[in-house]
Amino acid sequence: MLFSFGLTYLFFYNGRQNINLVLTQMAEQLGSTTTAMGVVSSALFWCYAFGQLINGRLGAYFGYKKFMMFGVVTSAILNVIISYQNSIAVIALLWGLNGFCQSMVWSNGLGVLNKWWPKDKRGFASGLTTAFSGVAQVVTYLTINWCLALNPDWGWRAAFRYPMIPMVLMLIAFAFFFKTKPEDIGLPAFQEESKELEAHDAAIAAKMEKNGYLYPYKVLFSQPKVLVFCLISAIAGIGRYGLLTWVPTYFMEEMGLSVKEGIFSSILLPIGQSCAMFVFPLITDKVFKGKREPMLILAAIVTFLGMITFPFIQSQTPASIMLFVVGVSGMVTGVVWAIAGDMGGRALSSTVVGVLDWAVYMGAAIQAVIFGFVKDAFGWPAIFSTIGCLYVVMLALTLVARNMKTNI
């Protein structure tokens, strides 16, 4: 079940990250600017963010599995339609719809995983799955490069056609092996080792049954700790997608590399992110015994140092290595998803993941709009130094959050 979700997500970024690798080509062929293409890119993030806010609940209501499969198929269709467009406005609209469809999968998948793994193993499950999403970024980089070479006459449009094939084919394995709870195959529901945690899980489930559809949102947004982690998640989104969106363009514009060279120079970034996605949550299980905040503190310090150093590196190879380091240290969302499972338990975790992922993509949307302007007005160093300073803010917020309790 775990691998069926992971393999599906391994190719899911083909319908989301593909645009980042052809932004320069799109701007040239459509007669647009970097700032305008940043706005187009942000359309997905805005719609993904608000989609996450509601789709974690909608998946639980309509059925996790069907809802997730619908999201994958409609995203693939929208990508293909985009490949035939010539209007920036139409592409932005369709890209926003694609973002909403993409948001149907992640929070619901994590919600299902939290029905299978208790707290002491949740870091492993969420970390391994999040690692697949990190490797998915690498898969997208390689797939887009292959597609551009396979049919160069299509230009940027190839990035929205061929990559959709494996994305949809993975649904075959998903349909057979993805199960929404252990009881579906005759296994008992897990029991938490801690009686207090088990009672907390049961109490949340009872409240969910008793109260209305909007009850979880009322409870979650009244919790100071949830609000603090929304801010932490937003910073994580700015850092992760700020680098994924602009680093390929940075290598092409600042270092004069070709599209292919820019992609391969950037690939150490998602490789580093995928490593962190798996390792960080696992460390919080094994080393910190379920305490997630120490890992966030360490990651914030290293990322700050890496970001203020990166703009001064003028050579391609050292810059790529630094991207790997920052990719590892800055990728804290794997830890955030484990925290979401801890706070929400089996009954509410998909909604908590949806709320925190909403915050991640609000950050991603803001960076896509603002960083295009920042780059044009102040140059590339301003983008990286801004990200570094935000991780100092994350450090301060984590220190505040570590002693806070939730009352869900």
Quickly run through region 329-350 and pick out the residues that are hydrophobic (A, V, I, L, M, F, W, C), over 20 Å from Gly51 (Cα atoms) and buried (at least 24 other Cβ atoms within 10 Å of the Cβ). Met331, Val332, Val335, Ala338, Ile339
Given the criterion surrounded by fewer than 18 Cβ atoms within 10 Å (Cβ to Cβ), modelled with pLDDT of 80 or more and not small (Gly, Ala, Ser), identify the matching residue among Tyr241, Tyr217, Tyr250, Tyr213. Tyr217
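Taking the condition over 19 Å from the mean Cα position of the chain (by Cα) and aromatic (Phe, Trp, Tyr), does Tyr61 pass?
When the stated conditions are applied, Tyr61 passes them.
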Need pairs with beta-carbon distance below 6 Å; first residue polar (S, T, N, Q) and within region 48-76, second modelled with pLDDT under 90 and not in a helix (DSSP H, G or I); sequence gap 6+ or separate chains. none
When you look at Leu78, is it closer than 30 Å to Tyr217 by Cβ and modelled with pLDDT under 85, yes or no? no
Which one of Asn79, Asn98 is farther than 25 Å from Leu231 by Cβ, in contact with a Pro (Cβ under 9 Å, 6 or more places away or on another chain) and crowded, with 24+ Cβ neighbours inside 10 Å? Asn79
Note on Ala234: of the conditions (1) surrounded by fewer than 22 Cβ atoms within 10 Å (Cβ to Cβ); (2) under 14 Å from the mean Cα position of the chain (by Cα), unmet is (1)
Checking Thr317 against (1) modelled with pLDDT under 85; (2) over 19 Å from the mean Cα position of the chain (by Cα); (3) polar (S, T, N, Q), which test does it fail? (1)
Which of (1) in a helix (DSSP H, G or I); (2) among the basic types (Lys, Arg); (3) closer than 21 Å to Arg122 by Cα does Lys405 not meet, given it meets every other one? (1)
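Kindly establish whether Gln191 is touching a residue at least 60 places away in the same chain (Cβ under 8 Å) and more than 21 Å from Val335 (Cα to Cα).
Criteria met by Gln191.
Residue-by-condition table, conditions (1) touching a residue at least 40 places away in the same chain (Cβ under 8 Å); (2) out of contact with any Phe, Trp or Tyr (no Cβ under 9 Å at 6 or more places or on another chain):
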position: Val247; (1), (2): yes, yes
position: Ile267; (1), (2): yes, no
position: Ser274; (1), (2): yes, no
position: Phe278; (1), (2): yes, no
position: Met295; (1), (2): yes, no
position: Ser315; (1), (2): no, yes
position: Val328; (1), (2): yes, no
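Which of the residues belonging to region 1-15 are under 24 Å from Ala89 (Cα atoms) and modelled with pLDDT under 90? Steps first, answer last, please.
So the first thing to find is which residues in region 1-15 are under 24 Å from Ala89 (Cα atoms), and the list is 13-15.
Answer for region 1-15, where residues must be under 24 Å from Ala89 (Cα atoms) and modelled with pLDDT under 90: there is none.
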Select from region 117-160 the residues that are surrounded by 18 or more Cβ atoms within 10 Å (Cβ to Cβ) and among the charged types (D, E, K, R) and write down the one among them that is farthest from Val328 (Cα to Cα). Arg157
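The values are calculated or read from the model by the stated rules, or taken from the named source; none is laboratory data. Quantities reported herein were computed from a predicted structural model and do not represent experimental measurements. Methodologically, a virtual Cβ is constructed for each residue, glycine included, from the backbone with ideal geometry; neighbour enumeration extends over all protein chains shown.
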